[in-house]
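Here's the structure we're looking at; comments come further down.
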Amino acid sequence: MRWLLLIILFNSFNFFGQETFIYPKANASNQTDTIWGTSVNDPYRWMEKINSTETTEWLTSEKKLTDEYNKKTFSDMKACLAAYSKVYYKPYIKQGKYYFSFMISNSNETASLYYQQYTYADAVLLFNPNDLGKKADISIDNIKLSSDNKMLAMLLNKNGGDWQTIRFLDMKTQKILNDTINFVKYSDMYWYKNGIFYIRYDVKNTNESFTGIIKGRALYYHKLGTPQSNDVLIYKPQNKLKHFDFEVTPEEKYLILYNDTIVDHQSVQRVSHLALNENFNSSFKVFISVISDKHIEFDVLGVLNERLIVKSTIKTPTGAVFSYDPNGRNKREILVKPYANQLEFCKMVGNKILTVYSDDTSSYAAIRDSTGKIAGILTTPPGYRFNPHQFSYSTTDNILLCAFYSFFSPPTVYQYNLNTYKAEPMGSTQINFETKDFISHKVYYYSKDSTLISMYLTHKKKLKLDGNNPTLLYGYGGFNISMEPFFDAANVVFMKSGGVLATPCIRGGGDFPGWHEEGMGLKKQNSFDDFIGAAQYLTANNYTNASKLAAMGGSNGGLLVSAVMLQRPELFKAVVSEAGVLDMLRYHLYNIGYLWKTEYGNIKDSANFKNLLNYSPVHNVKRGINYPATLLTASDNDDRVNPFHSFKFLAELQDKGSITQPYLLYYEKDGGHNGSHVYDKSIETKAFIYSFIFKQLGMEKKIKYLDY
């Protein structure tokens with residue numbers, strides 16, 4: 001009898017030909033909160049203690065269920081992804097006189113750092129972070145070379161988490177210095193003289209991210225050869241919960257400080273500069289101060305003709321470049337006028353300015369002289385976009401590196417000579433599939449309130465619109481982040497198997513002027529309606545049907561797809577929510593979730609509370625509804641979005657959802673918000689996600705016919 005019960009508990013069985021699921025029991029407590037006169041049940045509050053005995057035992061049972069699901073398809077998909085993910089290219093970074101690149105030499109490790117002084121030289125191993133890891137996987141998040149080319153600062157993380165440590169490498173000896181800077185989070189690094197500026201938090205243990213909020217964000221300066229305890233405090237806001245950002249201008253003349261505050265529903269934004277000197281004895285001077293009911297972008301690019309060059313959306317919704325007087329306040333002149341297309345990215349490259357724009361088909365970059373006049377143009381092929389994070393420049397040889405990519409092609413790297421304005425490819429990209437088989441284009445549809453939304457559709461060129469194509473609808477819609485093309489080998493596998501990749505540019509993102517504000521706070525439902533509209537467009541225009549449509553999103557995108565599947569479950573066959581923000585009444589109580597109140601709303605405000613309660617996935621699962629097959633992913637070291645969000649939502653689905661649908665959790669060990677940085681582990685996670693999608697959409701047999 002006990003043997004039979006175990007089979008029922010951990011495995012699925014057929015009941016009158018219908019696959020049925022019985023899930024591990026999660027104890028439901030009587031925890032109830034009263035907020036604004038409303039009783040809110042929270043029966044799985046105990047899951048917020050992610051390492052407790054009760055939570056661990058529940059996770060163990062869930063893992064057995066997940067491991068038994070889909071074994072054959074998972075094995076085939078893993079082999080396929082391992083082949084398709086072997087993309088041989090070097091995403092070069094140009095800093096000083098060196099070209100840096102990251103490559104994986106061992107599939108059981110994170111990527112190592114290589115360097116070369118000339119493009120025709122062989123890349124040489126400079127640093128393998130795995131040599132530092134004994135009980136953890138160490139990976140490199142960022143690097144910064146000193147202006148004299150002698151020292152390299154490296155931002156390292158453990159097990160994919162957001163907490164970071166800064167280490168230094170001597171470029172001549174290629175040895176690691178003893179200097180170690182801990183408790184760094186959400187920070188860049190900028191050199192000045194013989195040290196760096198960085199941000200740390202006032203914590204004693206990084207596990208504080210999982211037990212409550214972290215606070216005390218402060219800016220420090222570390223001088224090489226000294227202990228961290230001697231680091232100079234440069235700036236610390238009086239409010240320990242206040243967020244700020246900083247940067248150093250390329251010529252190391254000014255330290256720039258960005259401060260944003262919300263007062264009476266208005267954004268108060270200030271940009272200040274500190275004239276750098278050896279003793280840091282001057283004070284910050286405000287040169288931009290704006291009060292507005294909307295967030296205005298300010299990005300200081302550098303110094304030109306003794307004035308500060310700033311990319312901004314002030315009075316120019318699509319963005320422009322301004323020249324500011326550093327000794328005045330709000331004294332500006334326009335340097336690059338706004339275009340109809342949105343100004344996506346800017347960068348100072350010596351005494352020139354790089355400006356990047358996109359239209360419906362491609363990206364183009366304009367190199368401008370000190371007066372703002374265009375001196376050179378770079379364009380991408382149709383369906384491709386420049387990657388803003390892969391523009392790098394060094395004054396040593398006046399070479400700009402850039403990369404463009406698409407939904408079906410990894411980055412192609414070019415070097416662009418700023419003297420001759422000629423571009424040359426930096427070697428060919430070797431991949432195991434033909435990019436010429438695919439096409440990416442934009443379509444348009446109307447959302448619920450008649451707002452026109454654009455959407456990328458990527459698929460094989462000879463797609464038949466028979467209403468039966470497997471389709472993956474991927475979305476994000478938050479934090480002013482645009483939905484631009486991105487490359488993922490798993491999506492190529494999906495499309496080669498006849499699938500359609502659909503990525504709508506929904507509100508909440510930064511795709512168009514005002515787009516962010518229209519999908520945040522009390523207007524968050526617009527994001528969900530836009531995504532629902534995308535699903536309806538795909539079915540109405542014979543791309544697919546509800547039995548062939550899957551939805552996927554991560555982080556804020558995990559919230560998106562989870563909220564939408566509860567509101568319109570009949571639209572989807574399967575849903576994948578990766579590391580989603582799913583408990584909208586308690587997201588602010590851990591890590592720095594309190595900073596997301598401007599994005600989602602604050603439950604201390606009655607209108608915001610009602611709005612959050614209306615769409616919070618954890619609080620809106622209803623009994624007896626046939627919700628789509630759902631896969632949730634989470635990682636035990638995700639110190640950005642606590643994994644309890646996924647735990648609670650899964651428990652609600654398994655308790656109240658249909659017994660004929662799988663509701664599963666893929667819980668990754670030693671991974672952060674974006675999973676593990678170890679190659680093999682990342683492949684396994686992708687393999688499970690896509691094998692789940694393939695099985696739900698009836699595509700399992702197609703894996704065998706892929707030419708890998």
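In region 318-329, what residues are open to solvent by 60 Å² or more (accessible area, probe 1.4 Å) and either under 16 Å from F345 (Cβ atoms) or not charged (D, E, K, R) (or both)?
Within region 318-329, just N327 meets the criteria.
Under 7 Å between Cβ atoms, which residue pairs at least 6 apart in sequence (or on different chains) link something in region 52-73 that is in a helix (DSSP H, G or I) with a partner that is open to solvent by 100 Å² or more (accessible area, probe 1.4 Å)?
T55/K49
At least 1 residues that are polar (S, T, N, Q) and more than 19 Å from the chain's Cα centre (by Cα) in each: list the strands (runs of 3 or more DSSP E) lying fully within region 438-520 that qualify.
438-446, 452-460, 471-474
If you check every pair at least six apart or on different chains, which have Cβ atoms under 6 Å apart with a residue in region 404-415 that is over 22 Å from Y99 (Cα atoms) first and a residue that is open to solvent by 20 Å² or more (accessible area, probe 1.4 Å) and part of a strand (DSSP E or B) second?
From region 404-415, the pairs are S406/S440; F407/S440.
Which numbered condition trips up Q342, out of (1) farther than 24 Å from Y421 by Cα; (2) in contact (Cβ under 8 Å) with a residue 60 or more places away in the chain?
(1)
Could you list, in sequence order, the residues of region 455-499 that are closer than 21 Å to F74 by Cα, in contact with a helix residue (DSSP H, G or I) (Cβ under 7 Å, 6 or more places away or on another chain) and of a type in the set (G, A, S)?
A489, A490, S497, G498
If I filter region 344-357 for residues that are under 23 Å from the mean Cα position of the chain (by Cα), at pLDDT 95 or above and part of a loop (DSSP other than H, G, I, E, B), do I get at least one hit?
No: zero hits.
Working only within region 645-695, note down all residues that are of a type in the set (D, E, K, R), more than 23 Å from N620 (Cα to Cα) and in a helix (DSSP H, G or I).
Hits for region 645-695 are D680, K681, E684, K686, K695.
Can E19 be described as among the acidic types (D, E) and either assigned to a loop (DSSP other than H, G, I, E, B) or at pLDDT 90 or above (or both)?
Values: among the acidic types (D, E): yes; either assigned to a loop (DSSP other than H, G, I, E, B) or at pLDDT 90 or above (or both): no.
When the stated conditions are applied, E19 does not pass them.
Suppose we keep only residues that are open to solvent by 50 Å² or more (accessible area, probe 1.4 Å) and part of a loop (DSSP other than H, G, I, E, B) within region 603-639. Which one would you say is modelled with the lowest pLDDT?
Step by step, filter region 603-639, then rank; the result is G624.
Given P381, P411, which one is out of contact with any Lys or Arg (no Cβ under 7 Å at 6 or more places or on another chain) and part of a strand (DSSP E or B)?
Only one candidate qualifies: P411.
Which residue pairs have Cβ atoms closer than 9 Å, lie 6 or more positions apart in sequence or on different chains, and pair a first residue in region 277-293 that is more than 26 Å from T316 (Cβ to Cβ) with a second residue that is in a loop (DSSP other than H, G, I, E, B) and open to solvent by less than 40 Å² (accessible area, probe 1.4 Å)?
If the second residue must be in a loop (DSSP other than H, G, I, E, B) and open to solvent by less than 40 Å² (accessible area, probe 1.4 Å), the pairs left are S282/L276.
Residues Y667, Y679, Y600, Y587: which one is under 30 Å from S85 (Cα atoms), open to solvent by less than 50 Å² (accessible area, probe 1.4 Å) and out of contact with any strand residue (DSSP E or B) (no Cβ under 8 Å at 6 or more places or on another chain)?
So the residue among Y667, Y679, Y600, Y587 that is under 30 Å from S85 (Cα atoms), open to solvent by less than 50 Å² (accessible area, probe 1.4 Å) and out of contact with any strand residue (DSSP E or B) (no Cβ under 8 Å at 6 or more places or on another chain) is Y679.
Test of understanding: among L522, L418, L452, L465, which residue is open to solvent by 30 Å² or more (accessible area, probe 1.4 Å), modelled with pLDDT under 95 and aliphatic (A, V, I, L, M)?
Sole residue among the options that is open to solvent by 30 Å² or more (accessible area, probe 1.4 Å), modelled with pLDDT under 95 and aliphatic (A, V, I, L, M): L465.
Only one of (1) in contact (Cβ under 8 Å) with a residue 40 or more places away in the chain; (2) within 19 Å of P388 (Cα to Cα) is not met by V310, so which one is it?
Status for V310: all satisfied but (1).
With the structure loaded, tell me whether L559 is surrounded by 21 or more Cβ atoms within 10 Å (Cβ to Cβ), of a type outside the set (S, T, N, Q), farther than 20 Å from Y445 by Cβ and at pLDDT 95 or above or whether it fails that test.
For L559, the condition - surrounded by 21 or more Cβ atoms within 10 Å (Cβ to Cβ), of a type outside the set (S, T, N, Q), farther than 20 Å from Y445 by Cβ and at pLDDT 95 or above - is met.
Taking the condition part of a loop (DSSP other than H, G, I, E, B), buried (at least 16 other Cβ atoms within 10 Å of the Cβ) and modelled with pLDDT of 90 or more, does P91 pass?
no
Please tell me if I234 is within 28 Å of the chain's Cα centre (by Cα) and surrounded by 14 or more Cβ atoms within 10 Å (Cβ to Cβ).
no
Does K373 fit the bill of being open to solvent by 50 Å² or more (accessible area, probe 1.4 Å), touching a residue at least 24 places away in the same chain (Cβ under 8 Å) and under 23 Å from T316 (Cβ atoms)?
Answer is no for this residue.
So for region 201-222 (the condition being assigned to a loop (DSSP other than H, G, I, E, B), at pLDDT 95 or above, under 30 Å from L304 (Cβ atoms) and open to solvent by less than 20 Å² (accessible area, probe 1.4 Å)), does at least one residue qualify?
Checked region 201-222: no residue is assigned to a loop (DSSP other than H, G, I, E, B), at pLDDT 95 or above, under 30 Å from L304 (Cβ atoms) and open to solvent by less than 20 Å² (accessible area, probe 1.4 Å).
Could you identify the single residue in N142, N157 that is surrounded by fewer than 16 Cβ atoms within 10 Å (Cβ to Cβ), under 22 Å from the mean Cα position of the chain (by Cα), assigned to a strand (DSSP E or B) and at pLDDT 90 or above?
On inspection, the qualifying residue turns out to be N142.
Could you look through region 102-138, keep only residues that are touching a Lys or Arg at 6+ places or on another chain (Cβ under 8 Å), more than 20 Å from K150 (Cβ to Cβ) and not hydrophobic (A, V, I, L, M, F, W, C), and pick out the one that is modelled with the lowest pLDDT?
Filtering region 102-138 for residues that are touching a Lys or Arg at 6+ places or on another chain (Cβ under 8 Å), more than 20 Å from K150 (Cβ to Cβ) and not hydrophobic (A, V, I, L, M, F, W, C), the one modelled with the lowest pLDDT comes out as G133.
Restricting the search to region 166-185, which residues are surrounded by fewer than 17 Cβ atoms within 10 Å (Cβ to Cβ) and assigned to a strand (DSSP E or B)?
Keep residues of region 166-185 that are surrounded by fewer than 17 Cβ atoms within 10 Å (Cβ to Cβ), which gives 170, 172-178, 180, 182.
Of everything in region 166-185, those that are surrounded by fewer than 17 Cβ atoms within 10 Å (Cβ to Cβ) and assigned to a strand (DSSP E or B) turn out to be D170, K175, I176, L177, N178, T180, N182.
Name the residues in region 290-317 that are open to solvent by 30 Å² or more (accessible area, probe 1.4 Å) and of a type in the set (S, T, Y), would you?
Residue satisfying the conditions is T313 alone.
How many of the residues in region 330-350 are more than 13 Å from G372 (Cβ to Cβ), surrounded by fewer than 16 Cβ atoms within 10 Å (Cβ to Cβ) and in contact with a strand residue (DSSP E or B) (Cβ under 7 Å, 6 or more places away or on another chain)?
Count: 3.
Taking Y98, is it surrounded by 18 or more Cβ atoms within 10 Å (Cβ to Cβ), touching a residue at least 60 places away in the same chain (Cβ under 8 Å) and within 30 Å of L401 (Cβ to Cβ)?
yes
The values are calculated or read from the model by the stated rules, or taken from the named source; none is laboratory data. Note that the structure is predicted; figures quoted are calculated from it, not measured. Glycine gets a Cβ as well: all are built from the backbone with ideal geometry, and neighbour counts include every protein chain shown. The accessibility values were calculated without ligands, DNA or RNA, using every heavy atom of the protein model including side chains. Shrake-Rupley method; radii C 1.70, N 1.55, O 1.52, S 1.80 Å.
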